[in-house]
1. In this structure, is B:PHE275 among the hydrophobic types (A, V, I, L, M, F, W, C), in a helix (DSSP H, G or I) and free of Cβ contacts under 8 Å to residues at least 60 places away in the same chain?
2. Please find, among B:VAL88, B:VAL82, B:VAL30, B:VAL72, the residue that is farther than 18 Å from B:VAL210 by Cα, among the aliphatic types (A, V, I, L, M) and more than 14 Å from chain A (Cβ to nearest Cβ).
3. Where residues in the range B:13-24 are in contact (Cβ under 8 Å) with a residue 12 or more places away in the chain and surrounded by fewer than 24 Cβ atoms within 10 Å (Cβ to Cβ), which of them is farthest from B:SER359 (Cα to Cα)?
4. In the range B:299-313, which residues are surrounded by fewer than 24 Cβ atoms within 10 Å (Cβ to Cβ) and either within 7 Å of another protein chain (Cβ to nearest Cβ) or of a type in the set (S, T, N, Q) (or both)?
5. B:THR177 is checked against (1) modelled with pLDDT of 85 or more; (2) in a loop (DSSP other than H, G, I, E, B); (3) loosely packed, with under 14 Cβ neighbours inside 10 Å and fails just one. What number does that condition carry?
6. Restricting attention to the range B:32-46, does a residue exist that is outside the structural domain of B:LEU181 (by TED's automatic domain parsing), surrounded by 23 or more Cβ atoms within 10 Å (Cβ to Cβ), of a type in the set (Val, Ile, Thr) and farther than 17 Å from B:PHE258 by Cα?
7. Here is a check on your reading of the model: is B:ALA81 under 20 Å from B:ALA201 (Cβ atoms), over 24 Å from the mean Cα position of the chain (by Cα), outside the structural domain of B:THR341 (by TED's automatic domain parsing) and not in a strand (DSSP E or B)?
8. Tell me which of these B:ASP118 doesn't satisfy, since it passes every other one: (1) in contact with a helix residue (DSSP H, G or I) (Cβ under 7 Å, 6 or more places away or on another chain); (2) crowded, with 20+ Cβ neighbours inside 10 Å.
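The values are calculated or read from the model by the stated rules, or taken from the named source; none is laboratory data. Keep in mind that this is a model prediction, so the values were computed, not measured. Neighbour counts are summed over all protein chains in view; Cβ atoms, including those assigned to glycine, are modelled from backbone coordinates with ideal geometry.
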Amino acid sequence: MANTAIIARQLVKWFGEGESRTNAVQEVSFEIRYGESFFLVGPSGSGKTTLLSMMSGILRPNSGSVLIDNTDIWSLNNDELADFRLNRIGFVFQDYHLFPRLTTVENVAIPLILKRCDWDEAIEEALKFLDIVGLKGRAFLPPVKLSGGEQQRVAIARAMVSQPDILIFDEPTASLDGDSGKKIMAFVKSDILNEKRCVLVVTHDDRIFEFADCIMKMEDGKVTAIEKGLAK
Amino acid sequence: MIGLLKIAFKLLVNDKGKFAALLIGITFAVFLMVQMTSIFAGILQKASAVVTNIGAKIWIMDPSVTTVANSVPMPDYVQDAVRSIPGVKYAVPLYSGGATLKLQSGVYQSVTVLGLDDTSLLGRPELLEGNIEDIYAENGFIVVKDSEIEKLENPVVGTVFELNDHRGVIVGIAKVTNNGLFGIPSLYTTYNRAIQYIPSARFTSSYILVEPKVESDIATIKQEVANMGYLAITDEEFCNKISNFYKYKTGIGTNILFMTIISFVVGLSISGQTFYTFILENLDKFGALKAIGAKSQELVIMIVFQAAFTALTGYGLGVGLCTLMIFLAKMRLPNYASIVTYTDLGMAFLMVIIIAIFSSYIGVRKVLKIEPFDVFRG
């Protein structure tokens, strides 16, 4: 059995105080293993994104812990957290957040540049990852010249370029049509996911559930169901 | 770090519209600031032209004198008294006054006449044509070849004119370091001829020029002259006195100051606003960078670099543009009063730095506030 990648214990997060207090995540616990594609699903406002942010070291929980390789990431200070995200986590944002003023390959190279890699080496490495996602020929175009699916793949290449062991996808198919969304997820499943890496996907698009190894359903900040061993 | 700065640079310059707007704003502001202060510096330099051209170490004058042109004549005994002060190597009179020439064409033209001490000719200009001894010849005058000489119908050695019904002859053509401010041609002659040809009051010495034996005697000379009720100042102090008159006793200094402040405010507004818009448009991207793992100080460095790069480029362009304009203007108008001094450049640089600090401050404030979580929330 694969090692545990992430352990979430009794995570609690609320926003606001007094009467305006909203309980976004309430005592949520679960585990994700390497080699697993873990889907976090639920309707809008169910707390998926808040939970994802706490899992990835972006949003501090009010209580509870997130253990990655037996380290509670919320015991780290801000700079250590930034280093942790840079080295261990690859993000694919819902709106991709690619820099339109940089070329595609420069966008992909950003995590390496943040890791103080030499510029030319970072670009060379980024080209390799663009090749993996099938976009080497588009490397020197600005992202705005690419289709939505292509931009998604650029975002994936950027998330992968620093070789993180945890990949986080926030609504990966929200900006794509059904076919493109499925293609992207099939690509992730076949080419990105491996035994040393896990993928955490936040979505409410049931058309891509078929790519999940485990689906955790949320509603009103609580876990309502966890379904495992789903992948074909 | 170089990679980060390279990204910051590309983000900035690849947004051509905003980068151009930023550069135009700062360039225009710097251009106006340097132009205004250069014109002022030019005016001040020209206003002190006689002092620098004559080159005497100490000038003695009536305390009410504010500029070279409005000298108050002193009685002759002042000169004798000054010569008696210990530490004075020599002291000679200088006449400075205005006159009207009647040119050969019959046209009348105002001139400034400088009467040099007959014995020493202290303060004589460098001659381009003629011989300095010819100034002693009958009716001899030396004309300064500057941008104003054409107002005297471009005289040559031997040209004759009339000055208060006296005949005058050009015996030499001189050049000087600085031209005067008011666009009036200058003539040099001997002190005695000047006071003979030009109607004068009872007293005739406009200034007494003094050379101290050693630098340390200057303080004593000043004190002794002050005891007589007159003012002894060094050439540098005289230039400052003239500068202060134009700065504080006329509207020129205030107007220039206002224009410089307005230029600064315009530059600050344009660049501040444009840079803020630039940051706002990229705010989600900065948030994404934070989420990916960029530290706050790295984002601060990127923004400060962008602001500094824009400010310094705008500064260079502004100074270049101003210099070019002054160069072109001087080609057409040789007497154009404008000079770019290190002080002007320093002032403009300081203002540009303030613009950069202000622009980066508002950008940094915004970027530091963005939470990576906001990127997920959209």
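1. no
2. After ruling out the rest, the residue left standing is B:VAL30.
3. B:ASP15
4. Across the range B:299-313, the qualifying residue is only B:THR313.
5. With (1) modelled with pLDDT of 85 or more; (2) in a loop (DSSP other than H, G, I, E, B); (3) loosely packed, with under 14 Cβ neighbours inside 10 Å applied to B:THR177, the lone miss is (1).
6. no
7. yes
8. (2)
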